[in-house]
1. Considering only residues that are out of contact with any helix residue (DSSP H, G or I) (no Cβ under 8 Å at 6 or more places or on another chain) and modelled with pLDDT of 75 or more, look in the range A:213-229 and name the one that is most open to solvent (accessible area, probe 1.4 Å).
2. Go through the residues of the range A:81-104 one by one and say whether even a single one is in contact (Cβ under 8 Å) with a residue 40 or more places away in the chain, surrounded by 22 or more Cβ atoms within 10 Å (Cβ to Cβ) and polar (S, T, N, Q).
3. Considering (1) open to solvent by 10 Å² or more (accessible area, probe 1.4 Å); (2) over 22 Å from residue B:273 (Cβ atoms); (3) at pLDDT 90 or above, say which one residue B:375 fails and leave the rest.
4. Just for the range A:147-184: of the residues that are charged (D, E, K, R) and open to solvent by 40 Å² or more (accessible area, probe 1.4 Å), which one is farthest from the other protein chains (Cβ to nearest Cβ)?
5. Can you tell me which condition residue A:22 does not meet? The list is (1) modelled with pLDDT of 95 or more; (2) surrounded by fewer than 18 Cβ atoms within 10 Å (Cβ to Cβ); (3) not polar (S, T, N, Q), and all the others hold.
6. Within the range A:34-42, is there a residue that is in a helix (DSSP H, G or I), among the charged types (D, E, K, R), more than 14 Å from every other protein chain (Cβ to nearest Cβ) and within 21 Å of the chain's Cα centre (by Cα)?
7. Considering only the range B:1-17, state which residues are open to solvent by 60 Å² or more (accessible area, probe 1.4 Å) and in contact (Cβ under 8 Å) with a residue 12 or more places away in the chain.
Amino acid sequence: MDKLAVVQQPAYAGSALAVVAAACVTGVLASQPVQLSIAGVEAVGALLLLGSGLVRRRGHPWVGGVLVVIGCGGVCLALVMGLLAPSGLFERIAFLGGTLATAFVTLGVFPLRQSWARGFNGFAAVLFSCSLALLAWVSNPSDLQVLLGVGFTIMAWDMAEYAITLGEDVGRSARTYPVTGVHFVGSLGVGLAASIVALVGGNIALPAIPIAALTLLLSAIVVLLLVLFLGDSEWLSKS
Amino acid sequence: MTSVEQTHRWRVAIAFVLFTTTAGLYFEAPAVFLASVLGIAYAGYPLLVSPPPLEVELSRTVTDATPDHGDPVTVTVTVTNTGPRTLPDLRIIDGVPALLTVIEETPRQTATLRPGASTTFQYTVAAKHGSHQFTPATVIAHDISGGTRIETEVAAGEQTTVCEELDCTVDLREFQLRQEARQYPGQTPADASGAGLEFQQTRAYQWSDPRNRINWKRYARTGDLTTVEFREEHRTAVVLCLDVRPAAVRAASSTDPHAVAYCIAAAQEVLGALEQQHEQVGIAIFGTDFDWRAPRASQQQYTEIDQLLRAHEYDQPTPIDETTTSPTVDVQQLVAQMQGTLEVVVFSPLIDEFGETAAQQLDARGHAVTVVSPDVTTGRSVGGEFVRVERANRVQMLREQGVLVADWSPEDPLVWPVRTHGGGSDG
């Protein structure tokens, strides 16, 4: 019988990093100073929600309950304020997408339901991507802003996914911050290196390269990656 | 066994690249188009790092390898990276014995280990009756990207100490057999008089009595010839009958061992006591199948019975499926196979009619029956209260019929029942 009292929910350290990264994406999506405050309120609410689980596990159910109420209140307030904040229509939609996505990341790692955690996380990543694309289309943000948004989106997805997997293996009671930290630093390093390459590449004037050629080049890279990944797949090796 | 698995978690980055490329081109947003570099980097991330070789050694120590029931036992586990490379993401899940409850900390740990480095963690389990085997610890390693997952089981290392078992024996008190005997000399005193060491009685001399048994002092004093008789010592044949049917796999709560585990722990203790007395021991196990070993007194027999008992230690507190064979048929089969008058010890929680019926049938055939019944009933629900009352009635019924019953609460020592003057049992 399994009586180890293992709570196989997303690990706290990874979950907290995922929420922070998600809040950073929302911050990138903010076009007004007030929206930055809203993103902050949402981040605090989401972290309080996460912390409530920790407090309850340590034998303070009432304090945990209060934190759940305050955390939910913070997230809901951010969603409402995101809807009502003074801004252009498309900017507001993009920002609202960000706040919604942060809420989904929070629901995924809280978790609302363990079997839905990955679904929520994936949906949040899609929402973030769409919001970033919309923002890029309507307000022509800087390269750095978009790269930060994309980088934080990937980090939020990655850390949430990592927290879910880690939680499935060792539960919530285990000490997870050392391995979470190592994984975070690794992913962050890759993101930073890629961003620097992108920024440097973006600033090099290459008038001679037509867009079609660049697209073909990127497509070739994607196909190469696909082949490399699928090379590991059982179905491909069997056939 | 080691398994290496590609998680493919970064495949999602390829979808991301496709999205940003398409969106960047469609919206004519160079920044979004440029962001696909990030996606490409993450998609290629797991290809840049190679999975580390998972070479670890485990040591496990406990504060007390032979604890008493309910005692907290602290388990200390140390895992050392014996490989040449750093393990950035190591997850360790110790193989806690299935029937033990972890009451403090957790048997799961994560660590980042450089070559030669170790991580140590502790957790505490509550000891329960029985022999509890630790299973090999599961160790999972990921590369830093999380793209490769290596999983293996780690047992004892060559240079390390690994505690494999917690042995929490049942405190068996006042154990004695019911003096039913066969015609072999042994250590169990029988009611019958004859050859032996302990004085039984004197009686009038008969012509066939040996000379060395005549009470010559009395003859000198009174002139009457009397013969001294001693208590005969017979070798007893004992059959341990265990009720391990799925219906008996019931526990007081999800954190307690089930009745079958208690029955097996008690049977192991009785087996040990009988082995010390070199008694003939047989076993009958009523489970999904019927197992029978005729009584014999040999080391091989004791070992086989012990192995058979261990083989029936279920992990699950509830039955997996219902039994298809009729236990009543098994009891009849047992009765047919038991030749002569035997001492029978029935281990059953008595939560249904089976244990009671088996004891009654064996008693009716003239066997000396003792029932050991661990009490796993609770009054926490109406159904539980009903089962408890039914069980108490069964215990009472058996005692009224002259069957000795040890109504054993697993928290307490197992006091062997003795026959009282009224003919019932006390225990």
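The values are calculated or read from the model by the stated rules, or taken from the named source; none is laboratory data. The model shown is predicted, which means the values in this text are computed figures rather than measured ones. Here the Cβ positions follow ideal geometry from the backbone for every residue, glycine too, while neighbour counts run over all protein chains shown. Accessible surface areas use protein heavy atoms only, side chains included; no ligands, DNA or RNA. Shrake-Rupley method; radii C 1.70, N 1.55, O 1.52, S 1.80 Å.
1. Among residues in the range A:213-229 that are out of contact with any helix residue (DSSP H, G or I) (no Cβ under 8 Å at 6 or more places or on another chain) and modelled with pLDDT of 75 or more, the one most open to solvent (accessible area, probe 1.4 Å) is A:216.
2. Initially, the range A:81-104 is screened for residues in contact (Cβ under 8 Å) with a residue 40 or more places away in the chain, giving A:81-82, A:85-88, A:90-91, A:93-95, A:97-99, A:101-103.
Keeping just the survivors that are surrounded by 22 or more Cβ atoms within 10 Å (Cβ to Cβ) gives A:82, A:94-95, A:97-99, A:101-103.
Those still in the list that are polar (S, T, N, Q) too: A:99, A:102.
Scanning the range A:81-104, I find at least one residue that is in contact (Cβ under 8 Å) with a residue 40 or more places away in the chain, surrounded by 22 or more Cβ atoms within 10 Å (Cβ to Cβ) and polar (S, T, N, Q), so the answer is yes.
3. (2)
4. Our first condition is that a residue be charged (D, E, K, R); within the range A:147-184, this holds for A:158, A:161, A:168-169, A:172, A:175.
Cutting the leftovers down to open to solvent by 40 Å² or more (accessible area, probe 1.4 Å) gives us A:168, A:175.
Details: A:168: 10, A:175: 7 Å.
Of everything passing the filter in the range A:147-184, A:168 is farthest from the other protein chains (Cβ to nearest Cβ).
5. (2)
6. Going residue by residue through the range A:34-42, those that are in a helix (DSSP H, G or I) are A:34-42.
The next check asks that each one be among the charged types (D, E, K, R); those that pass are A:42.
Now restrict to residues that are more than 14 Å from every other protein chain (Cβ to nearest Cβ): A:42.
Those left that are additionally within 21 Å of the chain's Cα centre (by Cα): A:42.
Within the range A:34-42, one or more residues are in a helix (DSSP H, G or I), among the charged types (D, E, K, R), more than 14 Å from every other protein chain (Cβ to nearest Cβ) and within 21 Å of the chain's Cα centre (by Cα).
7. B:1, B:2, B:4, B:5, B:6, B:11
One line per residue, one yes/no per condition, for (1) at pLDDT 85 or above; (2) part of a strand (DSSP E or B); (3) open to solvent by 20 Å² or more (accessible area, probe 1.4 Å):
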site: B:140; (1), (2), (3): yes, yes, no
site: B:145; (1), (2), (3): yes, no, no
site: B:149; (1), (2), (3): yes, yes, yes
site: B:152; (1), (2), (3): yes, yes, no
site: B:160; (1), (2), (3): no, no, yes
site: B:178; (1), (2), (3): no, no, yes
